[in-house]
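Here's the structure we're looking at; comments come further down.
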Amino acid sequence: MLRALGGSFRPGRRRFLASATAAAAGVTVAAAGLSGCTVPAPRRTGPTADPAPGMPITSSRRAQLMQIMAHPDDDLYFMNPDCRQMVDSGVPLVCVYVSAGEHMGKNPVPGDRTPPKADKAAYSSARHQGLRQAYAAMLGLDKFTPWRKGVMTLRGDRQAEINTLTNGNRRVELVFLNLAMHIPRRYYAIPDLWNERALTVPSVVAADSPVHRSSSYDYDGLVDTLVGLMERYQPTVVHTLDPDPDIQHSTEVKRKKDSEQKGYSDHADHTAVACFSWAAMVRWVAEATEGGGAIPGFVATAFRAYYNRHWPKNLPEAVLQRKAANLVPYGGDPDWECGNPSGCGDYGVGGIRPLTNKKGWVRSTHYRYPGAGPVVTTGQDGRTTVYGVLGLRAVRWRETEPGSGQWGSPDDLGGGPLAPGLAATTLLDGRQLLFALRFSALAGHHAANEREIVVLEQRTAGGPFLAWRGLGNPERVDDRGRRLGVPVAVTAPDGRVHLFVRNADKGVSSRVRETDGTWGPWLDLGGAEVQDGLATAVDGRGRVHLCAPGRGSVHHWTQDAPGHPVTWRPESGLPEPGGPVALAAAPDGSLELYYRRPTRKELTAIRLDGAPAHARPRFDGYGRVGAAGTPHGPVLLGRDLRGRVQLHVAGRSVTRAHGVVPLEAATLHLGPQGALAVGLGADAYPWSWASHSDAI
């Protein structure tokens, strides 16, 4: 079982502790107390950026995507179609594969009863070849197009293989660190590297690689290597796997069959590499700001992995087929003449097998932190303000002129290190509250690993903010507290603020802010298991409602009357959702739900009592939908089947065909320019797109 996965924080700005002493290179060091072995000095901790605001932020406006994976193919299974859409738009991509993916060294051919020979160096090489084939095809080239291969020198004089391929303005680089998945007495080498001080893990030298020597990694060595790569490439978008997977209790047989770690819904390597990745981002920010430097301007996104098999599938057929097609050249075929003597792919994964695999990993793409998009407000001067998370900190962009769609430099609001996405609500006096999920401690070696909900409160309407304040965690144990979801909040007509968050039991917990600014205790609202992607709103009678996507239905909590407690309403009878839901007011003051059912491209529009919505527009696409009620019917925001942003306004849908590729969800904002879609782009900067409709 993986416990306490993450990188350690200490208060204070731009401080480092002493560097750890490296263990013997290229070999496994046994735990303390075994004869002839020494324990390294306490490792350097990964400091956090100071939560205080006001630091400068780098803003190059050039886009660069970096993906950090545990195994070859994690990106193809879990980070698409997002990755594919950015590559198609010309965003350069660098993929960092931490493990060699060598497992037991066997590459069985489906249908061939001859047992394959074990050769870890060859199997690792075959998986590398599969990736080259997949990304060559993604770039629009023949899958056997030759790549430029080379050796990259990393921090600590370590070496990695780098493969590079370009096609016009599109560029992909593959970096293979190739840490061993298994070493003597350590079946899970990388998770143990996270957890144990007295351990080093060697790299595997893949067959036919330009790298000819093994490198050795301890905890700090791997974090430093990832920081060095971030410093080299200066990514504006970082994709990782899930650092805090759901608690999942399965039978031992089922767990092993599904390759999941005991007690959690993911592979142990995925979790460990995700935690190393987040620790590296924290250290990158700390190193960059040492001595007054600027915060790197990047957006981080974490993707669920084996979680996908436990919940309804969320990709419609057209999106699924395009995603699964990326795995055909990766899986390859032993009869192909690819030019790699060790093999032409990961043979058990190609063809139609991703679609026939009962685990269904390829059939969904889920974000670990599925926020509803950046927070968007309109100031008294008519300028739009956007709040988001950049460099693991909260930031604010202001429009240079009302309606211009041009943005000034980001203002640092501090608060880091924060998970992606902010929630917001406005008090009755016009003051803004911002909520976030903070990595308040992130430490390996079984040290503190804590998450908390934090709030930033405006001092006066439109004015400066007070200091960040911690609201704690509804869970009392760190391991459970890591499973928190993204907060959502709403202000009731009586002035109370209701804050909601998904908890470790996959239920919902809540805190209420009274009108005098004091917060009540965390309360478990009960109810059935839900996914993240909560939605909250107030109906025409002044009652607070909360909806969340469950396994077989949308689950609903509300008040009997304004001012009463929010409680679960069982047996809602609402159709099964495939992911996050949206709430919007109907003309009669009731609330309506908008979402997509599993594997469906069509939009579901339904009242909370199960009756059809007042309007049921055609709005085909996939993923999260944003919705707002108007007297003329709902305004909707989402993605079409090609991943482009689309708006539905005044009974018709329009598509945003140009501009930077959007990241995750965009925000629907009804402002002076009409229905405004606002999001962050691959350049880590806001974009906006107005419908200019008079019917709002």
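Odds and ends about this structure:
- Cα-only Debye scattering, the range 338-382: base-10 log of I(q)/I(0) at q = 0.17, 0.23 Å⁻¹: -0.75, -0.90
- Given charges at beta-carbon only (K, R positive; D, E negative), |dipole| of the chain in Debye: 600
- Basic side chains Lys and Arg get +1 at the Cβ, acidic Asp and Glu get -1 at the Cβ, and with that the dipole of the range 278-412 about its Cα centre reaches some 740 debye.
- A cut-off of 5 Å between modelled amide H atoms, ignoring neighbours fewer than 5 places along the same chain, links residue 390 with 395.
- Sequence of 212, 648 from largest to smallest accessible area, 1.4 Å probe: 212, 648
- Per atom type, the chain shows carbon and sulfur on 50% of its accessible surface, probed at 1.4 Å.
- Evaluated over the range 84-158, the Cα radius of gyration and Dmax, each in Å: 15.5, 45
- Shape annotation for the range 144-296: C-alpha extents along the principal axes are 49, 45, 35 Å, from largest to smallest.
- Net charge dipole size for the range 629-696 [Lys, Arg +1 and Asp, Glu -1 on Cβ; Debye, nearest 20]: 180
- Candidates 319, 64, 520 compared by Cα position along the dipole of the chain: farthest toward the positive end lies 319, with charges placed on Cβ.
- Sequence-separation-based contact order of the range 205-342, relative, with Cα cut under 8 Å and 6+ spacing, percent: 30
- Across 256/601; 120/323; 257/601; 149/359; 143/256; 117/257, pairs whose alpha-carbon gap is larger than 26 Å: 256/601; 120/323; 257/601; 149/359; 143/256
- Residues in the range 549-696 average 40 Å² of solvent-accessible surface per residue, probe 1.4 Å, ligands and nucleic acids excluded.
- Close amide H pairs (under 5 Å, H built 1.01 Å from N) link residue 528 with no residue at least 5 positions away or on another chain.
- 411, 620, ranked by accessible area, largest first (probe 1.4 Å): 411, 620
- Ranking 140, 99, 122 by how far each Cα lies toward the positive end of the dipole of the range 86-148 (charges on Cβ) leaves 122 at the top.
- In terms of Cα atoms, the Rg and Dmax of the chain work out to 24.7, 79 Å.
- Beyond 18 Å, the tail of the calculated P(r) for the range 142-222 holds 49 percent of the Cα pairs.
- Listed values for the range 88-97 are Karplus-derived 3J(HN,Hα) couplings in whole Hz (6.51 cos²θ - 1.76 cosθ + 1.60, θ = phi - 60°), namely 4, 7, x, 6, x, 10, 10, 10, 10, 9, and x replaces Gly and Pro.
- Accessible area (Å², 1.4 Å probe, nearest 10) - residue 496: 80
- With all protein chains modelled, accessible area of residue 147 [1.4 Å, Å²]: 30
- Mean Kyte hydropathy of 0.5 or more with a Cα span along the axis of at least 30 Å, helices from DSSP in the chain: 268-289
- Karplus-derived 3J(HN,Hα), 6.51/-1.76/1.60, for each residue of the range 575-583, Hz, glycine and proline x: x, 4, x, x, x, x, 10, 10, 10
- Cα gyration tensor shape of the range 395-540, rounded if a/c is under 1.5, else prolate or oblate by comparing a/b with b/c: oblate
- Accessible area (Å², 1.4 Å probe, nearest 10) - residue 516: 110
- Amide H partners (placed H, <5 Å) of residue 264, local residues excluded: 248
- Of 313, 262, 256, the residue with the largest accessible area leads and the full order is 256, 262, 313 (1.4 Å probe).
- Net lengthening on full extension, residue 650/residue 411 (0.36 nm per residue, minus Cα-Cα): 82.5 nm
- Per-residue Karplus couplings for the range 364-380, computed as 6.51 cos²θ - 1.76 cosθ + 1.60 with θ equal to phi - 60°, are listed in order as 9, 9, 10, 8, 5, 10, x, x, 8, x, x, 7, 10, 9, 10, x, 5 Hz, Gly and Pro entered as x.
- Rounded if a/c under 1.5, otherwise prolate or oblate - the range 336-450, Cα gyration tensor axes: prolate
- Estimated purely from DSSP H runs of n ≥ 4, each contributing -39500 (n - 2.57), the mean residue ellipticity at 222 nm for the chain is -4000 deg cm²/dmol once divided by its residues.
- With both residues required to sit in the chain, DSSP beta bridges show an antiparallel share near 85%.
- For the range 253-325: rounded, prolate or oblate by the Cα gyration tensor [a/c cutoff 1.5]: oblate
- Heavy atoms of the protein chains alone define the surface here; on that basis the range 143-206 has 39 Å² accessible area per residue at 1.4 Å probe size.
- Looking at the range 220-285, the accessible area is 25 square angstrom per residue; that uses a 1.4 Å probe and ignores ligands, DNA and RNA.
The values are calculated or read from the model by the stated rules, or taken from the named source; none is laboratory data. What you see is a predicted model, and the numbers here were worked out from it, not measured in a lab. Because the Cβ atoms are built from the backbone with ideal geometry, glycine has one as well, and the counts that use them run over all protein chains shown. These accessible areas exclude ligands, DNA and RNA; they are computed on the full protein's heavy atoms, side chains included. Shrake-Rupley method; radii C 1.70, N 1.55, O 1.52, S 1.80 Å.
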